[in-house]
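Comments concern the structure below.
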Amino acid sequence: MESVRNITMTVKTFRALLTAALALISIGAFITPVSASETGENGQAAAYIKMGVGARPLGMGGAFSAIADDATAAYWNPAGLVQLKSDEITTMHAVLNMDRQLNFVNYAKKLEDGSFWAFSWTRFGIDKIEERAGQNDPRGYAAGDLIGYFNDDENTYAGTYSWKIKPDVSCGVTLKYMDQSVADASARSFGMDLGLLYRINDQFSMATTLKDLSSDLRWDTGANHSDNIPWSARIGMVFKPRESLLLALDVDKTEDLDAQLHFGMEGWIQEMFGIRAGVDDGDLSLGSTIRLEQWQIDYSFTDRNFGDQHRISGKYSF
């Protein structure tokens, strides 16, 4: 009877994931498409939190929600943290076009009951932005005169908890605090991510996530102005035809934007060298890894229309 009950629960879980996948695909298919250029995707509040973290996932085109087997799972799918075999520290640095910088660091720790928690910090910034005078400047500057410089500094601090609800099903939640300062103005926000991961067998897994729920960036300018941080939903699947090779596919839908497709593959040579390739919403991505005992160095390249992106990550497991 117990085995029958377990099989029934597994079938129900699979059906729930399948229903979520079909629902998300239906939303993307039937809602009137709105292109990124029409909505100003690059001008969205806290847009950096949609850029992704970790050179390894980004080398696979961002198709990582169903893999999520390292500390960056705190970002991609918090449910995946329980797949870690030990504590981990991960860092990432990215130099983007237009003098933008993106940095990420997190620490994931295993608890005695097998669950995991993690703390993450993401920092996006543009330093030394020129401030120039406008027409009829009250300080006496001529239009276009250089007055000084200011910074755009944006941070996300996140706490993640992940646990297993069944041997083959895990879930996770991330709570986030975000702040931004531009010149003399500042804003703050709270948000939440949810994730579910179902390992069907040793070769196939499925996942679904909801990110940036209830997020509004509220400014202290006195006008009670706030910027909406759009939510996003994602489904993913991974297939491992052999231990050293995996193929992954993700579909994500961000509020008011078209659904995006992410595909990636990863191969390992003697568990020391990793190579990756993928497609991130039509953009080619490539990546590689060198692993030496507890240390791992990852690199990724993405061919964006608005400029190539290079990221370097480091991981230490202990």
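The values are calculated or read from the model by the stated rules, or taken from the named source; none is laboratory data. Predicted model only: the values in this text are computed from it and were never measured. Cβ coordinates were reconstructed from backbone atoms using ideal geometry, including for glycine residues, and neighbour counts include every protein chain displayed.
Couple of notes before you dig in:
- From the options SER170, SER189, SER205, residue that is out of contact with any Leu (no Cβ under 6 Å at 6 or more places or on another chain) and assigned to a strand (DSSP E or B): SER205
- The residues of region 67-111 that are β-branched (Val, Ile, Thr) and crowded, with 24+ Cβ neighbours inside 10 Å, listed by number, are ILE67, THR72, THR90.
- Selection status of ASP152, over 24 Å from the mean Cα position of the chain (by Cα) and loosely packed, with under 15 Cβ neighbours inside 10 Å: no
- Considering region 216-318, there are no qualifying strands (runs of 3 or more DSSP E) wholly inside with 3 or more residues that are in contact with a helix residue (DSSP H, G or I) (Cβ under 7 Å, 6 or more places away or on another chain) and not hydroxyl-bearing (Ser, Thr, Tyr).
- Residues (β-branched (Val, Ile, Thr) and out of contact with any strand residue (DSSP E or B) (no Cβ under 8 Å at 6 or more places or on another chain)) located in region 55-88: none
- Residue count for region 195-243 under the criterion of being among the acidic types (Asp, Glu), within 21 Å of ALA46 (Cα to Cα) and in contact with a Lys or Arg (Cβ under 9 Å, 6 or more places away or on another chain): the result is 3.
- Within region 82-98, tally of residues that are in a strand (DSSP E or B), farther than 14 Å from ALA118 by Cβ and among the hydrophobic types (A, V, I, L, M, F, W, C): 3
- Checking SER115 against (1) at pLDDT 95 or above; (2) polar (S, T, N, Q); (3) farther than 25 Å from LEU217 by Cβ, the condition it does not meet: (1)
- Members of region 284-312 found to be at pLDDT 90 or above and among the charged types (D, E, K, R), listed by number: ARG291, ASP298, ARG311
- Taken over region 52-81, the criterion of being part of a loop (DSSP other than H, G, I, E, B) and not hydrophobic (A, V, I, L, M, F, W, C) is satisfied by GLY52, GLY54, GLY61, GLY62, SER65, ASP69, ASP70, THR72, ASN77.
- Unique match (being within 19 Å of PHE263 (Cβ to Cβ) and in contact (Cβ under 8 Å) with a residue 60 or more places away in the chain) among GLY314, GLY278: GLY278
- Note on region 205-244: residues that are at positive phi and under 23 Å from the mean Cα position of the chain (by Cα) total 2.
- Scanning region 138-163 for residues that are modelled with pLDDT of 95 or more and of a type outside the set (Val, Ile, Thr) yields TYR157, ALA158, GLY159, TYR161, SER162, TRP163.
- Top-ranked residue of region 288-318 - restricted to ones that are aliphatic (A, V, I, L, M) and farther than 19 Å from VAL95 by Cα, ranked as surrounded by the fewest Cβ atoms within 10 Å (Cβ to Cβ): LEU292
- Scanning region 248-287 for residues that are farther than 18 Å from TYR299 by Cα and either surrounded by fewer than 16 Cβ atoms within 10 Å (Cβ to Cβ) or of a type in the set (D, E, K, R) (or both) yields ASP250, ASP252, LYS253, GLU255, ASP256, ASP258, GLN270, ASP281, GLY282.
- Residue in region 154-165 that is over 30 Å from GLU112 (Cα atoms) and free of Cβ contacts under 8 Å to residues at least 60 places away in the same chain present: yes
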